[in-house]
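Peer 1: Take a look at the following structure, please.
The values are calculated or read from the model by the stated rules, or taken from the named source; none is laboratory data. A quick note: this is a predicted structure, and the numbers were derived from the prediction, not measured. With ideal geometry, Cβ positions are generated from the backbone for all residues, glycine too; neighbour counts draw on all protein chains shown. Quick note on the areas: whole protein, heavy atoms, side chains included, nothing else; ligands and nucleic acids left out. Shrake-Rupley method; radii C 1.70, N 1.55, O 1.52, S 1.80 Å.
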Amino acid sequence: MSLPVVAVVGATGAVGVEFMQLLEQRNFPMAELRLLASSRSAGKKMTFKGKELTVQELTENSFKGVNIALFSAGGSISKKFGPIAAQAGAVVVDNSSAFRMDPAVPLVIPEINPEAIGQHKGIIANPNCSTIIAIVPLWPIHKLNPIRRLIAATYQAASGAGAAAMEELRESTRAHLEGREFQQKIIPHPYAFNLFSHTSKIDPATGYNEEEIKMVNETRKIFGDPTIRISATCVRVPVLRAHSEALNIECDRPITPADVRRILATAPGVRIVDDIEKNYFPMPKDASGQGDILVGRIRQDLSDPTGKSIAMFVAGDQLLKGAALNAVQIAEYLVR
Ligand SMILES: NC(=O)c1ccc[n+]([C@@H]2O[C@H](COP(=O)([O-])OP(=O)(O)OC[C@H]3O[C@@H](n4cnc5c(N)ncnc54)[C@H](OP(=O)(O)O)[C@@H]3O)[C@@H](O)[C@H]2O)c1
């Protein structure tokens, strides 16, 4: 395509702001950037490449002439406006869960299945942030020695729940330290100096919440392997930005920590942070603001005498690789 017109839907949100920074930093080729949000933000000015752009209200007419639409305004907005944008001729890269499990929609992590991008029919889905952060480092292992079972526990940051949740963590922490009452509005539990099970809906039949089930189903779709067995426990922790996860994998054949280090040393989008002497391992503070998934605590799982299991700890910026960066990487494939 000639230089595309790009729209960011949800430009004022936590992910939307990252979209704009990435498009600028990576000098994404485009003829025009259109910023869309709700009527609340219409008229707001945002800066892109030193120029002020005005946020417009998202309407059914917003996509005339748009070639690429990066959506991050929630599932219901994607469900309604994604097909409208695609109908108007845009390729939609959607951050919500609206289309991820639709068999006709590619679910893409460019380090894993970039070939799926070419199969789109107007909409491409960006996976769930916890899924992306877990499986970018697991894929190169899976390719060489298939992972039969994954057990994951997440430590998810406030930013995963949007800009307002980050503000609520700051405000409730301040109130807690000053001994003031705090009435939470966004997060249903006291957040300062606390942690709680991910607040997505629990399926009474299985006891798993939606975030956990997303990790199961999305990993199977992206790996193209419906047989991989996965159990996740998703927890929100009082960290502002970047998710961490404890991962435990069981492979088809024996595997050692040295094998894993060798495989991950050259894996795209992965950086090993595993300094045993200094006790320095992946932390959300180091994962924040950069695009790699940090991997450490790589060790043999002593509970599996067959030698097929590895434990590790990972951290990744879910606003970047877990959302905006992954989507911009997909968009970069579209303009190649
Ligand atoms: N945060 C993450 O780490 C992450 C990771 C992966 C995927 N996602 C997904 O990305 C989406 C946005 O997440 P976020 O964290 O950026 O949320 P957020 O900070 O709450 O931002 C929401 C954005 O959506 C816009 N919006 C809300 N209602 C709208 C409407 N009726 N019409 C048009 N725009 C509307 C908001 O605009 P106003 O400012 O006008 O309200 C804002 O720009 C969600 O689907 C989320 O699941 C988020």
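Peer 1: Please go through the range 177-196 and give me each residue that is in contact (Cβ under 8 Å) with a residue 12 or more places away in the chain and either buried (at least 17 other Cβ atoms within 10 Å of the Cβ) or in a loop (DSSP other than H, G, I, E, B) (or both), ordered by number.
Peer 2: Passing the criteria: GLN184, LYS185, ILE186, ILE187, PRO190, TYR191, ALA192, PHE193, ASN194, LEU195.
Peer 1: Another question about this same structure. Does any residue of the range 36-45 turn out to be touching a strand residue (DSSP E or B) at 6+ places or on another chain (Cβ under 7 Å), part of a strand (DSSP E or B) and over 17 Å from VAL335 (Cα atoms)?
Peer 2: Yes, some residue in the range 36-45 is touching a strand residue (DSSP E or B) at 6+ places or on another chain (Cβ under 7 Å), part of a strand (DSSP E or B) and over 17 Å from VAL335 (Cα atoms).
Peer 1: A further question follows. Please go through (1) open to solvent by less than 40 Å² (accessible area, probe 1.4 Å); (2) more than 19 Å from the chain's Cα centre (by Cα) for ARG253 and return the number of the only condition it doesn't satisfy.
Peer 2: (1)
Peer 1: From the list ILE124, ILE133, which residue is assigned to a strand (DSSP E or B) and either open to solvent by less than 10 Å² (accessible area, probe 1.4 Å) or out of contact with any Asp or Glu (no Cβ under 7 Å at 6 or more places or on another chain) (or both)?
Peer 2: ILE124
Peer 1: Give the range 5-39 a look and list any residue that's open to solvent by 60 Å² or more (accessible area, probe 1.4 Å) and more than 23 Å from the chain's Cα centre (by Cα), or say none.
Peer 2: ALA31, GLU32, SER39 - these are the residues of the range 5-39 that are open to solvent by 60 Å² or more (accessible area, probe 1.4 Å) and more than 23 Å from the chain's Cα centre (by Cα).
Peer 1: Here is a check on your reading of the model: is ARG297 part of a loop (DSSP other than H, G, I, E, B) and at pLDDT 95 or above?
Peer 2: Spelling it out, it is not the case that ARG297 is part of a loop (DSSP other than H, G, I, E, B) and at pLDDT 95 or above.
Peer 1: If you check VAL91 against the conditions, is it touching a helix residue (DSSP H, G or I) at 6+ places or on another chain (Cβ under 8 Å), more than 15 Å from ALA324 (Cβ to Cβ) and among the β-branched types (Val, Ile, Thr)?
Peer 2: yes
Peer 1: State the number of residues belonging to the range 155-176 that are within 12 Å of VAL239 (Cα to Cα) and crowded, with 17+ Cβ neighbours inside 10 Å.
Peer 2: 11
Peer 1: Would you check which residues across the range 64-110 are open to solvent by 40 Å² or more (accessible area, probe 1.4 Å), under 25 Å from LEU138 (Cβ atoms) and under 19 Å from the mean Cα position of the chain (by Cα) and list them?
Peer 2: Hits for the range 64-110 are SER97, MET101, ASP102.
Peer 1: Also, I was wondering about something else. Could you tell me which residue of the range 40-63 is nearest to the ligand (Cβ to nearest atom), considering only residues that are surrounded by 14 or more Cβ atoms within 10 Å (Cβ to Cβ) and closer than 24 Å to LEU3 by Cα?
Peer 2: LEU58
Peer 1: Using the structure shown, decide if LEU325 is of a type in the set (A, V, I, L, M, F, W, C), crowded, with 17+ Cβ neighbours inside 10 Å and not in a strand (DSSP E or B).
Peer 2: So LEU325 fits the description; yes.
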